[in-house]
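Just below is one structure, and these are the notes that go with it.
Every read-out reported here was derived from the displayed coordinates using simple, explicitly stated rules and does not represent laboratory data. Fair warning: this is a prediction, and the values are worked out from it, not measured in the lab.
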């Protein structure tokens, strides 16, 4: 049975911070977009009543 080496790639802290900031912005955009759609649907339902 062959033994494989598991090595860890070094990742810079700056790259991790950059990616985390990107995901934070993306999830914030999705949250605001979802809330906007829900508010729009509620306003449309009130208009129909």
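Mind sorting out which of [x] 25, 13, 11; [y] 47, 16, 3; [z] 24, 9, 6 is the real semi-axes √(5λ) of the Cα gyration tensor in Å computed from the coordinates?
Computed from these coordinates, semi-axes √(5λ) of the Cα gyration tensor in Å corresponds to label [y].
How much mean residue ellipticity at 222 nm does the chain get from its helices, if each DSSP H run of length 4 or more adds -39500 (n - 2.57) and you divide by all residues, to the nearest 500 deg cm²/dmol?
Rounded to the nearest 500, the figure is -27000 deg cm²/dmol.
May I ask for the angle, rounded to the nearest 10°, between helix 13-48 and the longest principal axis of the chain, with both axes built from Cα atoms and the value confined to 0 to 90°?
Tilt of helix 13-48: around 20 degrees.
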